[in-house]
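K.L.:
Structure in structure tokens, see below.
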Amino acid sequence: MPPTGFTYVNNRNTQNYDLPEMQGNNLHSRIREYTYNVYAGFDKPFNSQWTLSASATIEYYQMQEYRKWAVYPTLQLNYMPSASHILQLSFSSDKTYPDYWTLSGATSYLNGYNESLGNPFLRPYTDYNVDLTYILKSKYIFQASYSYTPDYFMQTVYLDSDRLKAIYNWQNWDYAQDLSFTAILPFKAGSWWDSRLTLQATLKHDKASVYYDAPFNQKQWVGVGHWTHTFQLCRQPNLKMEVTAFGQTKSIQGSYDIQPVAFVDAALRYTFAKDKAMLQLKGRDLFNTMNPKTKVRNGAQHLDMNTKSYMQSITLSFSYRFGGYKKKEVKEVDTSRFGN
């Protein structure tokens, strides 16, 4: 067994917020956040067929009055009786922290009827995932997955019972859970047609027993299909055509009922100058069908939203790749929690 590795990380973050309604008084809302981590893990090959990787992170997290000790384990077990058959079982867990701006508790007035409200009591959520994957002949993939996310949060809209207002804010739910079955089926016809079909069926379940005066508990089967094609129209000159089709049946998101959506993209690509230059004509959402309609049902309140994503477009682009150029690797500062 390789030696077990240990690391210790001690993070302290302090963030200051200016609440819009208090700027005139020059007051500040200060949020202190502490995170401590201890990690251990190992890899163990038992023989040529069985391998095991496992690790665990112990974390202490504190934000204002909220404190939590948690363990986040991961595990992956591989069984490969032959090169044509691979079976993988994996378990993972991780946490997601709210963006800093959502914790300010400030109210932003979008217009006369819409408000965005922060939540200083928003808690991080933990997601647990189990995947069983079977890989046939190194190309066909079949997977069964289950995820459970207690305290899940996202921004949703609520129709105020006392005012003519739509309030957008973040709340912790009881949980969000998904049970999914996925098949990835590649197909080739000689050297002129290369395609990949992905099919997925998911049972979604979102529950919040405390959500203003409109708790929700929704379940919905969701079907997704994604089909990509690459056609080699000509080799001299090098001319390819790519077609992508996507479709999704009715879905849910908290108290939202999302109607079916679909799109078709296509691209014609001409490569020349020893594959360094490329001229591409691309059309996105050719039939203008990627405009989801959403129904929100908060108790006796009904709200319908039609989203215009304006994805439909036609673009002509040219690119040239100079020989020997390598992009310099630069470590970026993580700013994911500073904005939405």
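K.L.:
In the range 189-217, what residues are of a type in the set (S, T, Y), on the phi < 0 side of the Ramachandran plot and open to solvent by 20 Å² or more (accessible area, probe 1.4 Å)? Explain how you work it out, then say what you get.
P.N.:
Applying the first criterion (of a type in the set (S, T, Y)) to the range 189-217 yields 191, 195, 198, 202, 209, 211-212.
Next, only the ones that are on the phi < 0 side of the Ramachandran plot stay: 191, 195, 198, 202, 209, 211.
Hits for the range 189-217 are S191, T198, S209.
Condition check ((1) hydrophobic (A, V, I, L, M, F, W, C); (2) without any contact (Cβ under 8 Å) to a residue 12 or more places away in the chain; (3) crowded, with 16+ Cβ neighbours inside 10 Å; (4) part of a strand (DSSP E or B)) across all residues:
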{"site": "F246", "(1), (2), (3), (4)": "yes, no, yes, yes"}
{"site": "K274", "(1), (2), (3), (4)": "no, yes, no, no"}
{"site": "L281", "(1), (2), (3), (4)": "yes, no, no, yes"}
{"site": "T289", "(1), (2), (3), (4)": "no, no, yes, no"}
{"site": "R297", "(1), (2), (3), (4)": "no, no, no, yes"}
{"site": "H302", "(1), (2), (3), (4)": "no, yes, no, yes"}
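K.L.:
What number of residues within the range 61-74 are assigned to a strand (DSSP E or B), over 29 Å from L136 (Cβ atoms) and touching an Asp or Glu at 6+ places or on another chain (Cβ under 9 Å)?
P.N.:
Within the range 61-74, residues that are assigned to a strand (DSSP E or B), over 29 Å from L136 (Cβ atoms) and touching an Asp or Glu at 6+ places or on another chain (Cβ under 9 Å) number 8.
K.L.:
Strands (runs of 3 or more DSSP E) wholly in the range 98-214 with at least 1 residues that are in contact with a Lys or Arg (Cβ under 6 Å, 6 or more places away or on another chain) and closer than 30 Å to N238 by Cα - which ones? Break it down stepwise before answering.
P.N.:
On the way: elements: 107-109, 114-117, 125-136, 140-150, 153-159, 166-172, 175-189, 193-208.
Fully inside the range 98-214 and qualifying: 175-189, 193-208.
K.L.:
Let me ask something else about it. Against the definition (part of a strand (DSSP E or B), open to solvent by 60 Å² or more (accessible area, probe 1.4 Å) and touching a strand residue (DSSP E or B) at 6+ places or on another chain (Cβ under 8 Å)), how does L77 come out, yes or no?
P.N.:
Numbers: part of a strand (DSSP E or B): yes; open to solvent by 60 Å² or more (accessible area, probe 1.4 Å): no; touching a strand residue (DSSP E or B) at 6+ places or on another chain (Cβ under 8 Å): yes.
No; evaluated as a whole, the condition is false for this residue.
K.L.:
Answer yes or no: is there a residue in the range 145-156 that is within 24 Å of the chain's Cα centre (by Cα) and among the aliphatic types (A, V, I, L, M). Please lay out each step first, then the result.
P.N.:
Of the residues in the range 145-156, the ones within 24 Å of the chain's Cα centre (by Cα) are 145-156.
Subsequent filtering for residues that are among the aliphatic types (A, V, I, L, M) retains 154.
Within the range 145-156 (the criterion being within 24 Å of the chain's Cα centre (by Cα) and among the aliphatic types (A, V, I, L, M)), the answer is yes, since at least one residue qualifies.
K.L.:
Another question, if that's okay. List the residue pairs whose Cβ atoms are under 9 Å apart, where the first residue sits in the range 188-215 and is under 29 Å from T156 (Cβ atoms), the second is part of a loop (DSSP other than H, G, I, E, B) and open to solvent by 80 Å² or more (accessible area, probe 1.4 Å), and the two are 6 or more positions apart or on different chains.
P.N.:
That search, which allows pairs on different chains as well, returns A214/A300.
The values are calculated or read from the model by the stated rules, or taken from the named source; none is laboratory data. Predicted, not measured: the structure shown is a model, and the values here were computed from it. Neighbour counts are summed over all protein chains in view; Cβ atoms, including those assigned to glycine, are modelled from backbone coordinates with ideal geometry. Remember, those area values only see protein heavy atoms, side chains included, never the ligands or the DNA or RNA. Shrake-Rupley method; radii C 1.70, N 1.55, O 1.52, S 1.80 Å.
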